[in-house]
Amino acid sequence: MLKMKWVLIGIFLSMVCSTPVAADGDNNECASRKIDAAGDYFRCLSRDAADALSGESEDPARCESRLNRKFRKAERRDVCAATGDSSTVGDFLADVQWVVDDAIVTGAELPSVIEPVCDPSAVNLLDFEYFRKDEGYWCGDATFLGADGNPLQSDVFPYPYENYKIFWLDSIDGDDIQNRTLVMYPPLSPERCAELSAADIPNALGSGVCGVNGAGKIYVGDQSASDCSGTVTGSLRPGSSPLFSEATLLTDSIQAYREEFIEGGVLLLNGITTLQNGALVTNGQIWNPLQPPGLDQLYASYFDRLHKCSEAEFFAEIAFWSNRYDIPAGETCGIDSANMPSDTTCAEFFDTTLPAGIPAGGPGGNF
């Protein structure tokens, strides 16, 4: 009953006051009188319905007459911001009374009269099972394939894409989710280094030497709830220009993701992420709209495989692979998404104090 009263109050305000009520006292008084009249009309209908169940006769005309009279009186006494329609209000409330009577007498289910109002800023993403599973540290492997299905060979970022390491941290606070991702690449083969050198293409970034040192590259992705169903949107910078991103929940374990130049614009990336029993697998495609229509626009596809790890495991794995790939000291998180120096350490990037036992210096160990 309390829920129905709340619903009816909302109905009164939206139907009786079809334009915003001015701050003026007369306007508020007019709206107040009409809302009171509508409530009195509903009480009158309720009494008639109860009388009918007791065998007494109904007189709905009496209720309607009182509602019309009170509406007209409110409009004569005060300057109303909106002209109320007592007939529309009366018909609607009569229908509501019939539904309530039927629910009470027969046990029929009450319908949802008003859709709940969504305020994305009030969403707590951790109320969704997907985000509860997603929050935290992830360690794993990634593969980046060209349009021909073979590992991509890039002249812009000259490192192997066949199998490389990926680490990401998802932090959630209310309606916000922050992603910090580090990918780590092994050194190029001597043969590939020679090919790039012969073509006069830079074959290493940072202070590394091609064929000797690997590299680390960081990505930042921040999103916020855009509805009350678990959809999050944001602006990402995988390169020099910001892109629109959106991730939508399909189930408690599956999320669809896309990136566009602008919202509703040209598609650049689309993929699916599945979270299952402590494992995370994400795959998708990257498109180049500057190419002719058709499969020529398919630039690459990706396949990431990660497992949930603790903070200590996360940084221990980063330190291990930084050493294994011989990434220059201090450069594990040294390249940003635009292939420029990031001027940040891994501790700063992941906004944390490194766990005990993580090396602070030496080849590959200087975070």
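The residues of segment 167-195 that are acidic (Asp, Glu) and within 24 Å of ASP222 (Cα to Cα), listed by number, are ASP170, ASP173, ASP175, ASP176.
For segment 204-230, the set of residues classified as assigned to a loop (DSSP other than H, G, I, E, B) and either touching an Asp or Glu at 6+ places or on another chain (Cβ under 8 Å) or within 17 Å of GLU259 (Cβ to Cβ) (or both) consists of GLY206, SER207, GLY208, VAL212, ASN213, GLY214, SER226, CYS228, listed by residue number. From the list PHE128, PHE157, PHE167, the one residue that fits, being of a type outside the set (S, T, N, Q) and crowded, with 20+ Cβ neighbours inside 10 Å, is PHE167. Go through GLU195, GLU191 for me and flag whichever is at pLDDT 90 or above, exposed (fewer than 13 other Cβ atoms within 10 Å of the Cβ), in the same structural domain as TYR130 (by TED's automatic domain parsing) and more than 24 Å from GLN178 (Cβ to Cβ). Result: GLU191 is the single residue among GLU195, GLU191 that is at pLDDT 90 or above, exposed (fewer than 13 other Cβ atoms within 10 Å of the Cβ), in the same structural domain as TYR130 (by TED's automatic domain parsing) and more than 24 Å from GLN178 (Cβ to Cβ).
Of all residues in segment 211-221, none satisfies being surrounded by fewer than 17 Cβ atoms within 10 Å (Cβ to Cβ) and in contact with a Gly (Cβ under 6 Å, 6 or more places away or on another chain).
Just wondering, is there one or more residues in segment 288-303 that are acidic (Asp, Glu), out of contact with any Lys or Arg (no Cβ under 9 Å at 6 or more places or on another chain), surrounded by fewer than 17 Cβ atoms within 10 Å (Cβ to Cβ) and at pLDDT below 95? Yes: segment 288-303 contains one or more residues that are acidic (Asp, Glu), out of contact with any Lys or Arg (no Cβ under 9 Å at 6 or more places or on another chain), surrounded by fewer than 17 Cβ atoms within 10 Å (Cβ to Cβ) and at pLDDT below 95.
Can you find even one residue in segment 166-175 that is under 26 Å from the mean Cα position of the chain (by Cα), free of Cβ contacts under 8 Å to residues at least 60 places away in the same chain and assigned to a loop (DSSP other than H, G, I, E, B)? Taking every residue of segment 166-175 in turn, at least one turns out to be under 26 Å from the mean Cα position of the chain (by Cα), free of Cβ contacts under 8 Å to residues at least 60 places away in the same chain and assigned to a loop (DSSP other than H, G, I, E, B).
Scanning segment 176-214 for residues that are among the basic types (Lys, Arg) and over 40 Å from the mean Cα position of the chain (by Cα) turns up just one, ARG192.
The values are calculated or read from the model by the stated rules, or taken from the named source; none is laboratory data. All of these numbers come straight from a predicted model, not from anything done at the bench. We place every Cβ from the backbone using ideal geometry, glycine too, and count neighbours over all the protein chains shown.
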